[in-house]
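The block underneath contains the structure these notes are about, expressed in structure tokens.
The values are calculated or read from the model by the stated rules, or taken from the named source; none is laboratory data. Remember, it's a predicted structure, so these values are computed and weren't measured experimentally. We place every Cβ from the backbone using ideal geometry, glycine too, and count neighbours over all the protein chains shown. Calculation scope for accessible area: heavy atoms of the full protein, side chains included, ligands and nucleic acids excluded. Shrake-Rupley method; radii C 1.70, N 1.55, O 1.52, S 1.80 Å.
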Amino acid sequence: MESQYDAAAIEEKWQQVWADHGLDQTVDRTDKPKFYALSMFPYPSGNLHMGHVRNYTITDVIARVRRMQGFRVLHPMGWDAFGLPAENAAIDRGVPPAKWTYQNIDQMQSQLKRLGFSYDWSREVATCSPDYYRWTQWIFLEFLKAGLAYQQEAAVNWDPIDQTVLANEQVDNDGRSWRSGAKVERKLLKQWFLKITDYAEQLLNDLDKLPGWPERVKLMQANWIGKSTGARVNFQTAAGEPIPIFTTRPDTLWGATFMVLSPEHPLVLKLTTPAQADTVQAYQTAAAAKSELERTAEDRAKTGVFTGSYAHNPVNRQAIPIWIADYVLMDYGTGAIMAVPAHDQRDFEFAQTYGLDIVQVVFAPEQSADAAQPLTAAYSDNTAGVLYHSGPLDGLKVPEAKQKVIEYLEAEGIGQGQVNYRLRDWLISRQRYWGAPIPVIHCPGCGILPVPVEDLPVLLPEQVEFSGRGPSPLAKLETWLNVPCPDCGAPAKRETDTMDTFIDSSWYFLRFTDANNSNQAFDPARVNDWMPVDQYIGGIEHAILHLLYSRFFTKVLRDRGLLNFDEPFQRLLTQGMVQGLTYMNPHKAGKDKWVPSNQVDPTNPCDPETGEPLQALYATMSKSKGNGVNPEAVLAKYGADTARMFILFKAPPEKDLEWDEADVEGQFRFLNRVWRLVMGFLAQERGVDAEQPGAPLPKPEKDLRRAVHTAIKEISADIEGDYQFNTAIAELMKLSNALNDAADCKDSPVYAEGVQTLVLLLAPFAPHIAEELWRRLGDSESVHQQPWPKLDPAALAVDEITLVIQIMGKTRGAIQAPADADKAALEQYAKASEVGQRYLSGKTIKKVIVVPKKLVNFVISE
């Protein structure tokens, strides 16, 4: 009997066989229902981490099950390959971004193949490939044709020493450049935007079309879109210059006592009086050096300066001072707000700091407006509050007053009702090299022109110098930059900005449906056949931007007549994090407090440098904490099937998973038990046929067959809905135990059925060992091409039940009783049992409570 399970040899063997036979290639025939299973594709950093392994294992199990259930399955993989790290590698190590990226792709692809994922590699895409970004550029031109792409000035992070634009991730927590250490400034540059705000209402309303998404994710998107209903009100300066504002509390207009403009507001220069000029300019300079996060932080003290000018409140003609403050942003709303300190806490604190008027116009229902005491905090009740000192609104509750004031504003011609959104247009310009070039040409005479479609892709030049200083490398390459105008032929220049990498990932799922099409981004018939994605899996960190942008792209391309569905992802699973055992020195601060796990003796965790005792905890695996587990090491020691089984068994997919070497070992032992079970069966009995329908079975075989079909029922339920793979694997263990315990029927057809069923049910979870065992059981076709086991409901029927016997509500024992026994018979069985005799002897039975098929409870008197 062969008893040695050699994971490495088995896995290498079958991975090669599957690749040679194209086992995982997508079947396009439409006589089968389709299922599109997709994991969020990775950035090719060069090494997989355990978070990748978990994500891709979950998706792979779903894809394998659906194939066995008769679906044609699309399960592709690709690379989100543009981005800053490749450009940094070029700066730091002199390696061209393309070479660095493709080396990493090769390495990560090899790692993925070792894990046995059933990807259709013939559809692999890399967003940095000209074959892909040609169509990214074409889609940009579709946005341009639709009036959804435009260029305007916007603030960027500017390094004054290196004279270059920085991405947000290149600015440290102190607002300094990661490379030069200079204090980063905010500078206005011309930038490209996509008008996602045109789709704000659709993006919000269509969240209701996504019942397969977590409510948490839908709420995060709704909050990001941030719909608010209120009014646009036209304030005016003393000189008659309009300053429009948006407010959700137009009912409080009579309490507006000052205005605040963004430091970048175009009216600031005009409104600043000579006496305030130096103060205002200094404040503007300081504000320009702050990030948006710094400026809008809730816990930060609000600062501002007076411009020296006044505006008129349009509802009462009161003159109110105009200030500037950095917490007001130019690209949100109108860049100006009315301040009502009595009814907004931020305005209240600002007014108290600078001695500005506070006028209360909303009062509690029981409060007298004439006898009100000075406020110690803003009164912000927007439901029960009552308006006073507010002209036509006096005596109205807030909800009614909101409606009334909009009617008033519109009748007076000083404002109108308006819906506003927190969502802002998507800034897609990046002043970097390693991204898809924006396909437009700037002609002095003709203006901005699209690159002709026949000239796509606009290729990234290869002979480029990377210094990390000055403008984008593309802007310095004259031979690439200078081109003739496609309309008039005059000298013109290419756009030197490249696109945000979120653009690339906003349509890759569409390309997978027709990945090798050299004439179109995708064939509409194919994309409409495969889309939407049936199951999308990725991290919660992508809940807003990537998912929102993908939804936006889908709706725009629908409106361009290129596809016929509204939403890209039918169901979404956000898998939990993988956590590792982590050691922290509580006496140290910052990154220094983390001590790498491989430097610590777990039996006596002390800091190797100071000898101080360490705190042990589980935290998300990361390089900075030194708590990661290398997938390569796990594969080398245990094999891919064990790694997959542990990841699936340790926790439900949506929960965080704590890595535990002992539990990994436990799954390895389980697979060894399955191996020995099947090998033992083959040594004893080969080629046994399945049972004949209707043949009477002795009790041991009937019990075993019930265990087999219970496993089919439970595992089939676990792989639907919420994908409870952990309980599915527990059921596999139960079935394995039942087979091992069935010593009386190892030569029966039922036992053969059980062994075959165990291997079939195991196949999606541990595909390599299942394939090896299936072939050894005598089948010439892959286990992954077999149908999913069918449940026989009749096999679940039981002849006996376990009847619990209780005395005065306390369980005293249990017996086996016929399943069809009625209440009277159950009572007699309980009385006649050894348990009944022991506890009822000499007692008077006052009452008997029988719960059919479950228990008998005797109420007795002593």
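Annotations for the structure displayed:
- Residue check, Ile441 out of contact with any Lys or Arg (no Cβ under 9 Å at 6 or more places or on another chain) and among the aliphatic types (A, V, I, L, M): no
- Condition check for Thr554: of a type outside the set (D, E, K, R) and surrounded by 21 or more Cβ atoms within 10 Å (Cβ to Cβ): yes
- The helices (runs of 4 or more DSSP H) found wholly in region 24-132 and carrying at least 3 residues that are under 16 Å from Gln785 (Cα atoms), modelled with pLDDT of 95 or more and in contact with a strand residue (DSSP E or B) (Cβ under 6 Å, 6 or more places away or on another chain) occupy 50-68.
- Ala770 assigned to a helix (DSSP H, G or I), touching a helix residue (DSSP H, G or I) at 6+ places or on another chain (Cβ under 6 Å) and surrounded by 20 or more Cβ atoms within 10 Å (Cβ to Cβ): yes
- For Gly626: the one exception among (1) surrounded by 15 or more Cβ atoms within 10 Å (Cβ to Cβ); (2) at pLDDT 90 or above: (2)
- Here is the figure for region 629-646: residues that are open to solvent by less than 20 Å² (accessible area, probe 1.4 Å) and without any contact (Cβ under 8 Å) to a residue 40 or more places away in the chain total 2.
- In region 204-221, the residues that are of a type in the set (A, V, I, L, M, F, W, C) reach residues that are part of a loop (DSSP other than H, G, I, E, B) with C-beta atoms within less than 7 angstrom, at least six apart or across chains, in these pairs: Leu210/Glu567; Val217/Ala543; Met220/Ala543; Met220/Ile544.
- A residue that is in contact (Cβ under 8 Å) with a residue 12 or more places away in the chain, assigned to a helix (DSSP H, G or I), small (Gly, Ala, Ser) and more than 19 Å from Trp18 (Cβ to Cβ) occurs nowhere in region 776-786.
- Of all the listed residues (Trp480, Trp434), the sole one being crowded, with 22+ Cβ neighbours inside 10 Å and either farther than 30 Å from Asp534 by Cα or out of contact with any Leu (no Cβ under 8 Å at 6 or more places or on another chain) (or both) is Trp434.
- Residues of region 253-290 that are assigned to a loop (DSSP other than H, G, I, E, B), in contact with a helix residue (DSSP H, G or I) (Cβ under 8 Å, 6 or more places away or on another chain) and open to solvent by 40 Å² or more (accessible area, probe 1.4 Å): Glu264 alone.
- Filter result (out of contact with any Lys or Arg (no Cβ under 8 Å at 6 or more places or on another chain) and either exposed (fewer than 14 other Cβ atoms within 10 Å of the Cβ) or closer than 22 Å to Lys699 by Cβ (or both)) within region 846-862: Lys846, Lys847, Ile849, Val851, Lys853, Lys854
- Scanning region 233-247 for residues that are in contact (Cβ under 8 Å) with a residue 40 or more places away in the chain and either assigned to a loop (DSSP other than H, G, I, E, B) or among the β-branched types (Val, Ile, Thr) (or both), we see that the one that is farthest from Gly308 (Cα to Cα) is Thr247.
- Which numbered condition Gly538 fails, given (1) in contact with a Gly (Cβ under 9 Å, 6 or more places away or on another chain); (2) under 20 Å from Thr127 (Cβ atoms): (1)
Yes/no per residue for (1) among the hydrophobic types (A, V, I, L, M, F, W, C); (2) farther than 20 Å from Asp718 by Cβ; (3) touching a Lys or Arg at 6+ places or on another chain (Cβ under 8 Å):
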residue: Glu609; (1), (2), (3): no, yes, no
residue: Leu617; (1), (2), (3): yes, yes, no
residue: Asn627; (1), (2), (3): no, yes, no
residue: Ala633; (1), (2), (3): yes, yes, no
residue: Asp641; (1), (2), (3): no, no, no
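- Counting only residues that are within 18 Å of Leu84 (Cα to Cα) and modelled with pLDDT of 75 or more, region 165-180 holds 7 of them.
- Selection count, region 191-206, where residues are open to solvent by less than 10 Å² (accessible area, probe 1.4 Å) and under 18 Å from the mean Cα position of the chain (by Cα): 1
- Of the residues examined, Asn604 is not one that is within 14 Å of Gly51 (Cα to Cα) and not hydroxyl-bearing (Ser, Thr, Tyr).
- Qualifying positions in region 298-320 - open to solvent by 30 Å² or more (accessible area, probe 1.4 Å), among the hydrophobic types (A, V, I, L, M, F, W, C) and assigned to a loop (DSSP other than H, G, I, E, B): Ala301
- Pro457 being of a type outside the set (A, V, I, L, M, F, W, C), modelled with pLDDT of 95 or more and in a loop (DSSP other than H, G, I, E, B): yes
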